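The values are calculated or read from the model by the stated rules, or taken from the named source; none is laboratory data. The model shown is predicted, which means the values in this text are computed figures rather than measured ones. Here the Cβ positions follow ideal geometry from the backbone for every residue, glycine too, while neighbour counts run over all protein chains shown. The accessibility values were calculated without ligands, DNA or RNA, using every heavy atom of the protein model including side chains. Shrake-Rupley method; radii C 1.70, N 1.55, O 1.52, S 1.80 Å.
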Amino acid sequence: MTASTIPLRAALYLRVSTARQAEHDVSIPDQKRQGEAYCEARGYQLVETYVEPGASATNDRRPEFQRMIEAGTSRPAPFDVVIVHSFSRFFRDAFDMEFYVRKLAKNGVKLLSITQEIGDDPVHQMMRQIMALFDEYQSKENAKHVMRALKENARQGFWNGSLPPIGYRVVAAEQRGAKTKKKLEIDPLHADTVRLIYRLALEGDGTSGQMGVKNIVSYLNSRRIFTRDGGRWGIGQVHRILTRRTYMGEHEFNKRSKTKELKPLSEIVVVPVPPIIDRETFEAVQALLKARNPKVTPSAVISGPTMLTGLIHCAKCGGAMTIRTGKGGRYRYYACSMKARQGPTACEGMAVPMDKLDELVASHLEDQLLQPERLEIILASVLDRRQEQSERRREHIAELSKRAAESELRLKRLYDAIEAGVADIDDPALKDRIDGLKAIRDQAKSDAERAQAMLDTSGAKAITPQMVRTFAKTARQRIRLEGGGYRRDHLRALAQRVEVADGEVRIMGSKTRLLQALTGKTGVNSVPTQGLKWRRGWDSNPRYACTHNGFRDRPDRPLWHLSGRRVIGGGYRRGNTFGGREDCDEIARKGAGLAGDRGPAERRQGGGLLLEGRPDGRLLLLSRR
């Protein structure tokens, strides 16, 4: 047999865009039939068939396509031509199509189309490239129309498909012709797990303070609380639950592109769904996650040597106050960063001696806040809320127990009906009903046991007068370091913001944070810190072109809290500060040196601890009883 009579070896490439088409459509069998007939009519020897059941041609992330390209570019190639029904089956991107056509051609393999036959001369090559451009355009137009329909479907409150978030399930909502419109509803089997995750992030498990993502993962896995698929939890899964707005009733459709980039807000459609948690809880968790993010709160602010770094702010402009030195570093001051960067036109700010302000804040916390009687008064409202939460938890346990008992009773009735011969045990609907009732009963019992364990744990950690006295004594002892200086981590457990103005200093803190420090495993030592281990030279620590001082000058804003509303200056109006204006004690502080001669006494409205400037130079410290 001569070389001229040897038939060309051919490979068929068959493709449809979706798995549904591959399962129910006749496209692939038809492509195969036409391809085999094409080879037989031209005398080609069919040596291989590559079937791609459900893959888009807009990219090359296709297993069978890559296997075909790998074979076609190997030496020697197992086939001489690749046959497709149309060029759109091969690619719907003009650039990528030309790339792979030329890659095959370099190895002597040609691309042929059954329905679009062209030659090898430059004119026909130009025609193939024009066809590829039209295929790409058609693909993008189809995608645009499909997305428009999906967005409209989402605006009407329907689910567009894909796996629902954990805690939800897809149910049929209404029938429109041959199409069944679907919506999300709360899945009782997993919604309690979502609520537990948010509760651990915001309150903890009753034996420690608020939990981070890693601790929540360890908590769930150690107690054998599995995912929807029966697997173990991971950091990414828990973080997605804590940051997904779906759980407060606002599912965001079309939020990211195929490359995972965020789309503009105008293209995002908010779909209303039944909320699993309330908006206040969600926003409080977002504030906690943001505060722990090193990109927002630099490590230097958490573990730096300056006591009030990241806490102290100018009351006039709200900007952070940073360290300024004088006389070659002999004197150190807290000064308004806005004034330092932009001059007195931005803020009239003031400079306060660092050692005097540090001593003033630490002394007030020791003398006024860290007294057992004072702590009991401050934490009374928080403890009342904890009692209300315990009552709600008991009601939830009773509801779960009732659900389990009702499911057990219904199962008993079904078993009685089967024994009496009224129901057929082989009926598929009956089997599904029994399985559903068993699942509801078992899940309700499991959730009730878990809720009871959390209730018992929180009850065992009830606040007692002895605990308060021990905490106050320990905190007073540990807030100062031996040989001078202060413990910044202890201070952050007691106060979260310090504002300085002409004649007054306001110290603000969260009662919830104070309670967490009180109930923590190690008292005031349970404050999260970041231990830094700096290395010399070019290593794993990233270097940037900016100076580190830029971090200190960044304004820091207080966090949102459930029990308070934000007011100008960052304070809270309701139930979230250590001090206020009612029933004030006045304690004279002489020689504090924060203000010079002043006119009449001035007092600022709002929650917090106040220092009132007097004409005689005294500073009067005001605090709520």
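Between A439 and Q477, what's the calculated FRET efficiency when r is the beta-carbon distance and R0 is 56 Å? Round to 0.05.
Working: r = 54 Å, r/R0 = 0.97.
E between A439 and Q477, to the nearest 0.05, is 0.55.
Spin-label pair K144-R392: with each label point 7 Å from Cα along the Cα-Cβ axis, the two points sit 4.9 nm from one another. Projecting the Cα atoms of F134, L196, S113 onto the charge dipole of segment 106-205, computed from C-beta unit charges around the Cα centre, puts L196 farthest toward the positive end. Peptide packing for 358-370, 82-94, 256-268, 436-448 was compared via the average number of neighbouring C-beta atoms within 10 Å per residue; ordered from the highest value, the list is 82-94, 358-370, 436-448, 256-268. Test of understanding: extend the Cα→C-beta vector of Q466 to 7 Å, then name every residue of segment 367-381 with backbone N under 13 Å from that spot. None, by backbone N distance to the label point. Each Lys and Arg contributes +1 and each Asp and Glu -1, all at the Cβ; summed about the Cα centre of segment 1-140, the dipole is approximately 240 debye.
A convex hull fitted to the Cα coordinates of segment 1-115 yields 95 cubic angstrom per residue. Residue-wise HN-Hα couplings along segment 311-317, as the Karplus relation 6.51 cos²θ - 1.76 cosθ + 1.60 with θ = phi - 60° gives them from phi, are 9, 8, 9, 7, 6, 7, 10 Hz; Gly and Pro carry x.
Of D121, D426, which has the most accessible area with a 1.4 Å probe, and how do the rest follow in descending order? Walk me through the numbers on the way to the answer.
Values: D121 65, D426 105 Å².
I get D426, D121, largest accessible area first.
Within straight-line reach of K339, meaning a Cα separation under 17 Å, sit the following lysines at least 8 residues removed in sequence or on another chain: K316.
Taking every C-alpha pair closer than 8 Å and separated by at least 6 residues, the mean separation divided by the residue count of segment 63-126 gives a relative contact order of 38 percent.
With 23 Å as the limit, write out which pairs from K140/K183; K103/K144; K151/K263; K181/K438; K182/K402; K412/K438 have Cα-Cα distances beyond it, or answer none. K140/K183; K103/K144; K181/K438; K182/K402, as the Cα separations exceed 23 Å there. When nucleic acids and ligands are ignored and a 1.4 Å probe is applied, V101 ends up with an accessible area of around 20 Å².
The order of the peptides 371-378, 341-348 by mean Cβ neighbours within 10 Å, most packed first, is 371-378, 341-348. With contacts taken as Cα pairs under 8 Å at a separation of at least 6 residues, segment 112-193 carries a relative contact order of 19 percent. Report note on the peptides 406-412, 191-197: ranked by the mean count of other C-beta atoms within 10 Å, highest first, their order is 191-197, 406-412.
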